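Here's the structure we're looking at; comments come further down.
The values are calculated or read from the model by the stated rules, or taken from the named source; none is laboratory data. Computed from a predicted model, the values in this text were never measured in an experiment. Don't worry about glycine lacking a Cβ; one is built from the backbone with ideal geometry, like all the others, and counts go over all protein chains shown.
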């Protein structure tokens, strides 16, 4: 590990230089982490990734706490800095679970080509984890001992059912939250849409469509009517979309359908839209008295709105990026992250602070090597700045 001394006026450039010297180690660690496959639905696999990351953190003073889980891998909480501090800690937020099943490496192996590092989970978001560890290790080597919590969840890709309470509790104890999800292009994310899913099931009465048509009550016909109703809730001007992405029903063309199912994705940009969406779905009714409707699901993540606290964090990041030598933009996205939870609590949250790349959840998932050093240096500079100014 390269040691360096932070100078008040040269700090970002000094961090960038030190980060560049540690790039080979970053790539080695990232490869090792990517090759520990860790799908959300395999607790043992996720815990192997936990073990690896915990060992790296303990190597430079990290204190490990594992929130044990049964259905998912453990939630990994890593603490850095003094045991007791008058300052609120900074929360770095990420996850170690991926969408890729064990065995994906057989067809999608780790590789380095055309200026990219490729492999399952490399962008979403194992590079962000290695970036955070590197940034914290550099700051410790510089002599800074700052209160920082690194929380790595095990279930983010499936909606964070067990980690959400832990995330929210730690966020409320923190001065700010930096989310290690991938960048939006080259930009940090200052807003995300809230996410929900509703599942609709209509039960009707089956009948022969030629012999006993009048006795049938079509679940498919009722579902079609319901889809028209819920689709009208879309308001692009408000950033609200309702998409019925999956529909199933019926058995044969000559049988009036006794069942129909629909899976509906909802995205909202404004927190006050959540109640409106919920009210509409819970008030849905079938028009055919021979059919019944069941509704499950709801809003999973509140929106991350562009709050003054988040804007202040971004402006500081843009200034530090310029000192390092690159231009940083901001962006919003329709996808959700665990940062949605922390922002909704009123804690300043900046997202997209991980790697720059392409193909999250896709076979061409990769990160751009050229952006790894400056983005890690910016993360380190932001950690140093945020923890200094917290109280």
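Tabulated results
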quantity: Selected residue (only one of 96, 117 is under 22 Å from the mean Cα position of the chain (by Cα) and more than 13 Å from residue 39 (Cα to Cα)); calculated: 117
quantity: Matching residues, segment 78-110, being farther than 30 Å from residue 347 by Cα and surrounded by 12 or more Cβ atoms within 10 Å (Cβ to Cβ); calculated: 100, 101, 102, 104, 105, 108, 109, 110
quantity: Residues within segment 246-283 that are exposed (fewer than 14 other Cβ atoms within 10 Å of the Cβ) and in contact with a strand residue (DSSP E or B) (Cβ under 6 Å, 6 or more places away or on another chain), tallied; calculated: 2
quantity: Subset of segment 163-172 (residues that are closer than 20 Å to residue 53 by Cα and out of contact with any helix residue (DSSP H, G or I) (no Cβ under 6 Å at 6 or more places or on another chain)); calculated: 163, 166, 170
quantity: Residue satisfying condition, being buried (at least 17 other Cβ atoms within 10 Å of the Cβ), at pLDDT 95 or above, touching a helix residue (DSSP H, G or I) at 6+ places or on another chain (Cβ under 8 Å) and over 25 Å from residue 93 (Cβ atoms), within set 347, 286; calculated: 286
quantity: Hits in segment 40-74 - residues which are farther than 22 Å from residue 137 by Cβ, touching a helix residue (DSSP H, G or I) at 6+ places or on another chain (Cβ under 9 Å) and touching a residue at least 40 places away in the same chain (Cβ under 8 Å); calculated: 40, 41, 67, 69, 71, 72, 73, 74
quantity: Which numbered condition residue 182 misses (of (1) in contact with a helix residue (DSSP H, G or I) (Cβ under 6 Å, 6 or more places away or on another chain); (2) assigned to a strand (DSSP E or B)); calculated: (2)
quantity: From 236, 186, residue being in the same structural domain as residue 257 (by TED's automatic domain parsing), surrounded by fewer than 24 Cβ atoms within 10 Å (Cβ to Cβ) and either closer than 30 Å to residue 303 by Cα or touching a strand residue (DSSP E or B) at 6+ places or on another chain (Cβ under 6 Å) (or both); calculated: 236
quantity: Test result for residue 146, surrounded by fewer than 24 Cβ atoms within 10 Å (Cβ to Cβ), at pLDDT below 95, closer than 20 Å to residue 64 by Cβ and not assigned by TED's automatic domain parsing to the domain that holds residue 247; calculated: yes
quantity: Flag if residue 204 is exposed (fewer than 15 other Cβ atoms within 10 Å of the Cβ) and in contact with a strand residue (DSSP E or B) (Cβ under 8 Å, 6 or more places away or on another chain); calculated: no
quantity: Considering residues of segment 24-36 that are touching a helix residue (DSSP H, G or I) at 6+ places or on another chain (Cβ under 6 Å) and in contact (Cβ under 8 Å) with a residue 40 or more places away in the chain only, the residue farthest from residue 162 (Cα to Cα); calculated: 26
quantity: Strands (runs of 3 or more DSSP E) wholly inside segment 292-391 that include at least 1 residues being in contact (Cβ under 8 Å) with a residue 12 or more places away in the chain, within 19 Å of the chain's Cα centre (by Cα) and within 27 Å of residue 266 (Cα to Cα); calculated: 292-301, 330-333
quantity: Options 109, 101: the member that is in contact with a strand residue (DSSP E or B) (Cβ under 7 Å, 6 or more places away or on another chain), more than 22 Å from residue 373 (Cα to Cα) and assigned to a loop (DSSP other than H, G, I, E, B); calculated: 101
quantity: Of all residues in segment 228-271 being closer than 21 Å to residue 289 by Cα and in a loop (DSSP other than H, G, I, E, B), the one that is nearest to the chain's Cα centre (by Cα); calculated: 250
